[in-house]
Structure formats: structure tokens, C-alpha cells
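Each remark here refers to the structure printed beneath this line.
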Amino acid sequence: EIHIKEPTEKEVNPHLLPGELLLCEANMVYKYVQEDGSNRGTYGKLVCTNFKIAFLDDDSASDDNEPQFKNKIIGENDITLQCVDQIYGVYDEKKKLLTGQLRKYPEKLIIYCKDLRVFHFCLRYTKEEEVKRIVSGIIHHSQTPKLLKRLFLFSYASAAPNNTEGRNQTVMFDTLEAWRDELERTKGNVKYKAVTTNECYRVSEKLPLYFVVPICVSEESVLKYEGRGIPIWCWSCHNGAALLKMSAFPKEQDDSTSQTQKAFLDGIYKTISKAPYELLKTDDLSSSLPSLQDIQTAYTRFKQLFLIDNSTDFWATDVKWFSLLESTNWLEIIRRVLKKAIEVAECLERHHTNVLLIEESATDLCCVISTLVQVMMDSYSRTKSGFQSLIQKEWVIGGHPFLDRCNHLHKSDKEEAPVFLLLLNCVWQLVQQYPPAFEFTETYLTVLSDSLYVPIFSTFFFNSQHQKDTNTSGESLKTQSGPFRFLTVWDWSVQFDPKAQAFLNNPLYAEKPKPDKSQRKTTRFKHQRQLSLPLTATKSTTKRGFFREETDHFIKNILGKRISKFINSSDEPPNSFREFYDSWHSKPVDYHGLLLPRIDGPEIRVWAQRYLRWIPEAQLHGGGTIATAAKILDLMEEVQSLQVKMDEEHSQAISGDVRSVPLLRNSARLSSLFPFALLQRQSIKPALPTSTWKDLEDEDDLVKRDDEFVDLTGDMP
């Protein structure tokens, strides 16, 4: 039985952005709502532009059911071309990956997106010519290699009105003054200097125009090997110890060259190991952390767990959830990265030692570790503007090759790796462990991860500052000539109106108290923890009954708290690390001091909001973080209304900086998928057929093995 919404003759046209062109379209396309096997859905028009693939039905034209958290650029049924992951066609109930020229066109199209949405379109009722046009158009524009200047980024920048950047507190780090201000903020200007050696990119095209090096490093040294072998400053700790990074020399070279380079490095190390510099510890990340290929492989496996075609698939994999999750290795990579960041923090904080991170180009894992260390040690990086400035400094200006790692041009799969996504996953672990320490929310991180695939912002679409600068000059459609005016992703008003932006701010953020004028003698802020205390008794490891108090079967499955993996881990941290780690966790948290993530076993979790938001079966009705947020926002609304009354009574003007609070009406009806999906569909777990249980009995790792997995057959509430 097919439940359908009858097509109407009403013409629905796509909303086009400046510079956006309609390339092909098909009418009478049927979009399935794939939460069950009933084939329910709606008819509409499927279009492809030079920016997105969009499905338009009657609801697209009406503003009646407009969501509270609406993106102004991308609608619910829009997929940017950069967000398309894979396209499958269905031929006689068999799925086949679609690439290049097709001899036969499918009766059904399945589009898997990088933000983990899955779209099913039935083309059975569409005219044959339109099917050929739309399918080949979608494949060509979303999958084939393209030139950089063919990205929609340039079409939009040349056609859009010259937007002057709105009020934005984010430091862009594209000027010498910005680097000098950062040195002053971190008290690093005594031992380090901002240099202009790379102006006009005469040292290297991979380095930014301006960067910071130790005062004792000469301009000749920087020029000698195109910036390789030079310690570049990232951040200075309150005790003077600094975090540095360095591009390594290529490993495969002839003896004489490598001897010369070794002598050069020895000279640099000797120079920066003398007073006034602290002791130096070097850390080669290419040998101590997983390779980019390992990260890509793990994430490819991991994301498959969430690209669910239908309800049956969801419940079929549910019984094997923990073994499937463990086999991806994604959570273990997150744990290893966080552990490395804690080790670096220990050197800086406890041992007063400079840390030099070394990597081939110093633009991948160096960016991850340096960012995490600053988020953990510098409370400014946990504010919204501070975090955005940090991403600008370490990633955008620091030269992370976003274009290659996100494979925006579809040129080479070998270069692709979700390095920035790995960072956001690590930051999310800290945000969910210490919510009051962060001015932003997990929704902010989720939206930031989505913005990787929105080609109207230049932030994540270049490999380096040099590449952006050389491609900025160009012909504008409205003026005779002039440079492109690219938007920055940090101007959130482009994507969201003020009400929606309120979801990005944490209402429970514990703001840093302003120092009392009478107590301003101490200029440097230092947290209260005394980290050199003797080792405290280690907490006993979590027992198998970890979930015993939880009654919700779904929560047991969904949070991915795999218990056995790390408790008896072979690479047990050394004693000094364990002492530092346990000593810190034995004391109350100072939300403006050092933060160390909890990394043992079940503490590393799946980022549920990002990975489960499109799966109706995964929703908790009236539950999840949104239930807590709803109560808090209700209280805030009440406090604000009382404040207004008090102000009126005292005949005072209302303070202009009162934050707008998103009103969550009928919050009991919301589910944990809010604010990304307003789905309220009930999904009942199907009774598994006998054949399925028989198959499961044959699996040693699930039935016969005495495993430490959580009992999945726990009591239902």
C-alpha cells in the first residue's frame, strides 16, 4: 500500500542565491519518508543548480510550519554539491553506486550526505528524458573533478552585493598587529617576536604572511629551508612555557643533505634551549598519533553506522551496536588524541617545559593538538569569539589544507581525511563533560561541522592563505573589476536569524568574574589547582553494571559507552601522566582554569546530536539535552521578564546586552532530535524473525564469547 500526497498543478520554483543558476530539473519525483516500510512520501520537483540539489514540494512554498532553527541558506530538503557523499541507484531492488556516464538510468535514487542525511527519490513516475537529465546532472556536478574557480564560492562572491562584514569579535590573524596583540595577551612577547619575513610569500607559499618565532631565530634561518626546521609559536602558558610547532624535513634524502639539515636543527635546538627559554621537549606526531589514512579509514567505517536506509536496517544493526562501534576504531582515535593533548598540557603546566610539535607539514595533527591544548588551558579559547579566533589562527591562517582534506574539488581521495571533524569531536567531549566552562553549545559545534560544506564562505575552502590571496583578485559581475569579497563563516547572521543564533549560546556558561579593583595587584591569572600534590588513591574502574541504574534500552545502545576497551589497555599511561591525571580529577573543577578531559573507557562517547539527528528511531521523546535546555530557557525567560518589570519600576532603560532567549513552546512535545529535526514519528522496534536470531547465534563474538558488553536485553521502562 502506498500512501501518497496527490501532486498539484501549482508551480514551485527554487529560491536562488546571487550567482546561483538552475541547471536541470525533473517533475513528478516522489520523495520517500524512509522511517518505515510504508512507502509514504510526497511528490515534487527535483532540481540541480550550481550550488545545491533541492527537492521542492507544496510545503516548500508555505511558511506555515517554519522551524524555529531555520538555516537561511540551506533548507530542510537542500543538499549543497559539496555535501554529497555518495549516490546510489536502485535497479530491480538492487543498489548500485553511480559514477560517470550511465547506460541505464535507475528507478530510484539514493543520496548519502556528508552531514549524514539520506534522501530517497523514486523516479518511476518521472518522464524518461527528465530522469536522464536530472540523474546525469546531479552525478556530474557533485562527483566529477572541478577547477577551484568553478566552485560556487566565486559565483556567489562576484554576484552578491558587497557585504561589509558585520560586527564580529573574531580575530582573523591576517595582520601583524593581530599577532602582536596575541603575544601580549599571552605574555609571550618577552621571548617571541612576530616576523614579516614571509611578506609577498618569499619564504614559502605554505606559511602565512605573518607568524611568530623565538626572538633568537634569525631571518636567514627562516629563509634557508623555506620555513622548515623553524619552531613556530602557537601559544604561551601563564608560567612562560610555550607551545611550538615545526615542519619536519623530508625523511628520504641523500646523506650529505640530511647531515646539513641535522646540523641546522641542532643549532636551532641549542639556541632555543638556552635561557631565557625553558627546557624543550620535542614530539613527532607522525609517530605518536594515527596516520591521516588511519583516521580516514576509521571515520569511513564509523559514519556507515549512521547512514541508515530504513527502520529495519536500524534495528538489525542495533543488536550488534557495541561490536560494530568498537570495530570502527573512531572512539579510540579520539581517546588517543585527547591523551596526547593531556601529555602536552602536563609538560607546559607541571614541568614548565616548552613543547615542540613536529609533523611533515605541521598543518594537520599539529593543528588538532595545539587547538585542544589551548582549549584545555586557556579559558579565553572557551568563549565563542575566542574559539573562533583560535580556529582562524591555528587552522585557517595556519594553513590546514581544507580543500584537499574535505576533497571539495573531488580531485584525489588519497588526500581526504576528516582532521577538522576529529578536532570538533574532541572539543565536543570537553563540552559535554564540562558544560559551564564553554560559552558555546554542542549545537554550535554541529552547525560549524555542517558549514564545512557550504561554499559561500571562504573559511573552509582554501588550502592556505596564499591560495586564497592569489584567487581573491577577479572580475566582478557588477563592477568592471575588483577583488572578490568572500564571506567568513563567523558571521552567523548570514545563516541564522537572532532567535536561531540563541541556540548557539550556552545559557549556563559560568562567565569569568571581573577582578575587583581593590585586588588588582596580581596581574596574571592562575588557576587554583596545586598539581604537584602526591598521587591520590585511584578510583576503582567501572564495574560491569555500569548501566544498571538506567532503564531506557535505547540510551544503553546509543551513547556508545563501550566498557571493556580501555580499562586493561596495553598502552597504559606512564606513572607521571597517571599521577597528573588522577591528581587533577580528584579536586573540584575550576571552569576558568585547566580542564582535563576524562578519557577512561566509557567516558569517550559518540557525539549523539551530530550523528543521530536525522534518525527518527534514535529520538528520545521529551528527552535528551533539549529537555534540560527547555527548563533552563523557561527560567531565563521568567528572570528576564522580572528584570523588565524591575527596570520599569525604577524607570530605567532595559539593558541592551540582554541575550535573546529562544522560546521553546510545548517543550514536552519536542524530541532529542531538536533543533535540527522536528520529527515526532513513533518507531516501534520490530520483533526479529527467528532466522535473524539463528544468524546471531552463529556469531562467536556476540553470544559464545564472555564479553564485557552491556546487556542489551535490559528491562524496558
Which value in nm describes the separation of the simple spin-label points at D491 and L21, placed 7 Å from the Cα toward the beta carbon? 2.5 nm
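Sorting R382, R150, R405 by accessible area (1.4 Å probe), largest first, what list results? Can you show the working numbers first?
Working: R382 0, R150 180, R405 25 Å².
Sorted by accessible area, descending: R150, R405, R382.
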Per-residue HN-Hα couplings for the range 27-33, Karplus 6.51 cos²θ - 1.76 cosθ + 1.60 at θ = phi - 60°, whole Hz, x for Gly and Pro? 8, 6, 8, 10, 9, 7, 9
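Share of the range 63-181's accessible area from carbon and sulfur, percent, 1.4 Å?
With neighbouring chains kept in place, the figure for the range 63-181 is 44 percent.
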Euclidean distance between Cα centres, the range 602-653 to the range 370-385, Å: 24 Å
Rounded, prolate or oblate: which fits the range 231-306, taking a ≥ b ≥ c as square roots of the Cα gyration tensor eigenvalues, rounded meaning a/c under 1.5, else prolate when a/b beats b/c? oblate
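Per the 1.4 Å probe, what fraction of the accessible area of the range 383-446, in percent, lies on carbon and sulfur atoms?
Values: 640 of 1330 Å².
In the range 383-446, the share of accessible area belonging to carbon and sulfur is 48 percent.
Calculate, for the range 67-144, the solvent-accessible area per residue in square angstrom, rolling a 1.4 angstrom probe over the heavy atoms of the protein chains. Let's see the in-between values first.
Values: 3810 Å² over 78 residues.
In whole numbers, the range 67-144 has 49 Å² accessible per residue.
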Kindly report, to the nearest 10 Å², the accessible surface of L22 as traced by a 1.4 Å probe over protein heavy atoms only. 80 Å²
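Of W614, W584, which has the most accessible area with a 1.4 Å probe, and how do the rest follow in descending order?
On the way: W614 70, W584 0 Å².
Per-residue accessible area, sorted high to low, gives W614, W584.
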Expressed as a percent, the accessible surface of the range 240-370 that is carbon or sulfur, using a 1.4 Å probe and the full set of protein chains, is 51 percent
K281 long-range amide H proximity, modeled H, under 5 Å: N354, V355, L356
For M636, solvent-accessible area (1.4 Å; no DNA, RNA or ligand), Å²: 50 Å²
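Here are some pairs, K414/K468; K206/K411; K146/K193; K104/K149; K45/K72; which of them have Cα atoms lying more than 30 Å apart in this structure? Could the numbers behind the result be given before it?
Values: K414/K468 23 Å; K206/K411 20 Å; K146/K193 40 Å; K104/K149 32 Å; K45/K72 20 Å.
The answer is K146/K193; K104/K149.
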Probe 1.4 Å, all protein chains present, accessible-area order of Y88, Y434, largest first: Y88, Y434
What distance in nm separates the simple spin-label points at K631 and L97, each placed 7 Å from Cα in the Cβ direction? 4.7 nm
Would you kindly find the accessible area of E129, with a 1.4 Å probe and non-protein molecules such as ligands, DNA and RNA excluded, rounding to the nearest 10 Å²? 110 Å²
Would you grab the residues whose amide H sits under 5 Å from the one on L23? Only those 5+ places off in sequence or on another chain, please, with H modelled 1.01 Å from N. C48, T49, N50
Among K96/K132; K245/K512; K31/K96; K95/K132, which pairs are too far apart, with a Cα-Cα distance over 24 Å? K245/K512
For the range 271-344 and the range 121-186, distance of Cα centres in Å: 28 Å
Could you tell me which of rounded, prolate or oblate describes the range 152-246, using a ≥ b ≥ c as the square roots of the eigenvalues of the alpha-carbon gyration tensor, with rounded for a/c under 1.5 and, failing that, prolate when a/b is larger than b/c and oblate otherwise? oblate
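The values are calculated or read from the model by the stated rules, or taken from the named source; none is laboratory data. Note that the coordinates shown come from a computational prediction; the quantities given were computed from them, not determined experimentally. Here Cβ is always computed from backbone atoms with ideal geometry, including for glycine, and neighbour counts include all displayed protein chains. SASA here: full protein model, heavy atoms, side chains in, ligands and nucleic acids out. Shrake-Rupley method; radii C 1.70, N 1.55, O 1.52, S 1.80 Å.
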